[in-house]
Amino acid sequence: MLRARLAVLAIFVGFGFSFAADSGSSLSHEALWGEARKFLADGKAAAAKTAFEELLVKFPKEPDLHLFLGISQLRLRNPDAAVVAIKRAIDLDPNHVEARTLLGWVDLEIRGNVDGAIREYAKVVEIKPDSPQALVNLGVAYKYKGDLNRALESYNRALGQRADYVEALSNRGWVYVEQEKWQEARRDFDQALELKPKDDGALQGLAQVLEKTRDYAGAQAVLSRLNAQSPNFVYWLQWGRIGLIRYWWMLFLIAIAFLIKGRFTKARTEANG
């Protein structure tokens with residue numbers, strides 16, 4: 001099954017968020033600040049780390065610098081050092097949404113600390129209650145914990161703020177799949193695909209719903225679309241497995257038809273004496 005998706009990916013390239021240091025601070029006038037973030041966006045994590053550390057000598061109390069140093073450490077596969085840097089950013093600015101979001105991601109995806117992730121995401125929702133992205137992240141953490149009711153509550157709140165939010169629709173659909181609410185799940189996946197026809201999560205979810213409701217031809221068709229746009233051995237195996245189910249199901253139906261026909265013929269013969 002597809003894992004629930006977090007709405008935090010933009011933070012890893014360092015763009016898509018409005019940082020305090022981009023306006024109104026001395027750091028905004030530093031050429032190295034822009035260069036360092038470009039290093040990070042270009043995949044040059046070691047150069048970015050060196051640049052951020054150089055800037056921190058001059059601006060030790062800039063939380064964004066500590067955050068970006070943490071992102072560089074993550075890119076260099078040093079999560080412990082990343083957590084130290086991210087927590088330093090939060091110490092300097094307890095309401096730093098991006099730092100708390102990233103710490104929640106690290107807790108959930110790297111450290112397996114689901115409760116820690118829930119705490120961070122809940123704090124982000126408290127700081128930004130009108131953010132559907134924050135609510136989706138909180139819902140994902142609750143789903144990881146197995147608390148489907150709270151996950152649904154978070155997704156519903158996100159969709160109440162933004163009805164066309166594909167990530168919320170797709171993630172809610174997967175909760176309904178776990179609850180075996182096939183009609184509700186299909187509704188969410190169909191709506192997500194109307195908004196974003198190539199959404200992998202919604203396509204995989206729809207394929208599972210169709211399989212569970214015995215529309216094997218439909219499930220195979222959806223998996224064919226998924227394989228065409230995102231070739232994946234797992235998707236191919238699912239397509240093949242459903243093909244076998246479909247084959248044996250047809251044989252079973254044919255056998256049942258012959259059995260019924262045989263019994264009907266026998267009953268009619270006996271009735272005619």
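The values are calculated or read from the model by the stated rules, or taken from the named source; none is laboratory data. These numbers were taken from a predicted model, which means no experiment stands behind them. Reconstructed Cβ throughout: ideal geometry from the backbone, glycine too, with neighbour counts over all protein chains shown. What goes into the accessible areas is simple: the full protein's heavy atoms, side chains included, and nothing from ligands, DNA or RNA. Shrake-Rupley method; radii C 1.70, N 1.55, O 1.52, S 1.80 Å.
Summary table below
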{"item": "Net charge, Glu53 excluded, C-beta distance under 13 Å - Lys, Arg +1, Asp, Glu -1", "result": "+1"}
{"item": "Per-pair calculated FRET efficiency, R0 = 41 Å: Arg77 and Lys212 via Cβ, rounded to 0.05", "result": "0.60"}
{"item": "Cα centroid separation - the stretch 29-84 against the stretch 141-188, whole Å", "result": "35 Å"}
{"item": "³J(HN,Hα) computed for each position of the stretch 29-38 - Karplus, 6.51 cos²θ - 1.76 cosθ + 1.60, integer Hz, glycine/proline x", "result": "9, 8, 4, 5, 4, x, 5, 5, 5, 5"}
{"item": "Potential extension, Ile110-Lys128 segment - 0.36 nm per residue separation minus Cα distance", "result": "4.0 nm"}
{"item": "Apportionment of accessible area to carbon and sulfur, the stretch 72-139, percent (1.4 Å)", "result": "44 percent"}
{"item": "Sites Lys38 and Arg162, calculated FRET efficiency, Cβ-Cβ separation with R0 30 Å, nearest 0.05", "result": "0.45"}
{"item": "Distance in nm between pseudo-label sites at Arg119 and Ala31 (7 Å out along the Cβ direction from Cα)", "result": "4.4 nm"}
{"item": "Cβ-defined net charge surrounding Ile118, 11 Å radius [Lys, Arg +1; Asp, Glu -1]", "result": "+1"}
{"item": "Estimated FRET transfer efficiency when R0 is 45 angstrom, pair Asp91-Gln179 (beta carbons, to 0.05)", "result": "0.65"}
{"item": "Solvent-accessible area per residue for the stretch 24-133 (1.4 angstrom probe, square angstrom)", "result": "47 Å²"}
{"item": "Karplus-derived HN-Hα couplings along the stretch 128-139 (A = 6.51, B = -1.76, C = 1.60, θ = phi - 60°), whole Hz, x at Gly and Pro", "result": "10, x, 9, 9, x, 4, 5, 5, 5, 4, 5, x"}
{"item": "Dipole moment magnitude, nearest 20 debye, the stretch 34-158 about Cα centre, only Lys, Arg, Asp, Glu C-beta charged", "result": "180 debye"}
